[in-house]
Amino acid sequence: MNLEEREFRLGEIRSQIISIFDKQVRENNIKFTVSFVGTDSIESTSPDRHSLERPRLPALGPLGTGRLKDMCLWGDQHRILQVIINLVSNSLKFTPAGGKVELRIRCVSEVETPSDESRTSSFSNRNSDRAGRSRHRVGSGSTISAQSKSIANVAPKGGTALAINPLDDKATPHVHIRERSPTPPPPNAKSYIFEFEVEDTGPGIAEHMQEKIFEPFVQGDLGLSKKFGGTGLGLSICSQLAKLMGGSIGLRSTVGVGTTFTMHIPLKYVKDR
């Protein structure tokens, strides 16, 4: 599998998601929104009456980055879309008519860089045990290769997570993860953790199934799977793609209320495009 990192804007993800699901949302009579949540909204968890009366301003990113939707970032937009499309598709599929599905995008925090002392210490430790480092490299490569093969072997042809990447249908058991970028990102680009959250008002997932739901061929409710179809592979692929990008994915759910899936991934902020 390839990570093709390049410049993109968060606003591009919003417009593509809305376009992809526009017809399905209207036919199923579901309220679907994609919103940006600014840093000021995160800090103000209990707004007062005066703040509610003020006109709603565009969501802002971290200090000095401008509007969140206009932030120019460095990452694999294609893989991010694959995960979001799968999560939104699941939510729309299980949410009844008249329900709501919302995708929220926010910048959570800046990625802390190690201090000079810690970098020096880490460099010394690596030099003192080169043999161990070599063994670690072999083990790490085996893990990545195994993870890649699991994605290639379980991914259904025409599945939601792979629908926008037909090249994945040609994947072989001997797949290696590699990064391909036309140009490297700026050396001084800051990294931020971004959150993509999909919340629905569907049936919810039982507590005892929430830890297993990201395993291949596991579905939360067999009755619903018989009604709506599916193989139980989508969330497993989402989880592996999130890890591939250096992030993670999780959920919180209440039966009869709904489910919220949350993906956190690091992305570099590119000041000049």
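Below is a table of values for the structure above.
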{"item": "With DNA, RNA and ligands ignored, accessible area of E12 (1.4 Å probe; Å², nearest 10)", "result": "60"}
{"item": "Inter-label distance for K100 and R67, nm, one decimal - labels placed 7 Å from Cα along Cα-to-Cβ", "result": "2.4"}
{"item": "Area of T254 that stays accessible when all protein chains are in place (1.4 Å probe, Å², to 10)", "result": "80"}
{"item": "Cβ-derived FRET efficiency at R0 45 Å, R252 paired with E112, nearest 0.05", "result": "0.95"}
{"item": "In sequence order, calculated HN-Hα J values of segment 103-108 (Karplus, 6.51, -1.76, 1.60; Hz; x Gly/Pro)", "result": "9, 10, 10, 8, 9, 7"}
{"item": "Alpha-carbon centroid distance for the pair segment 64-107 / segment 15-29, whole angstrom", "result": "13"}
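The values are calculated or read from the model by the stated rules, or taken from the named source; none is laboratory data. The structure presented is a predicted model; accordingly, all values stated were derived computationally and were not measured. Please note: Cβ atoms are built from the backbone with ideal geometry, for glycine as well, and neighbour counts cover all protein chains shown. Quick note on the areas: whole protein, heavy atoms, side chains included, nothing else; ligands and nucleic acids left out. Shrake-Rupley method; radii C 1.70, N 1.55, O 1.52, S 1.80 Å.
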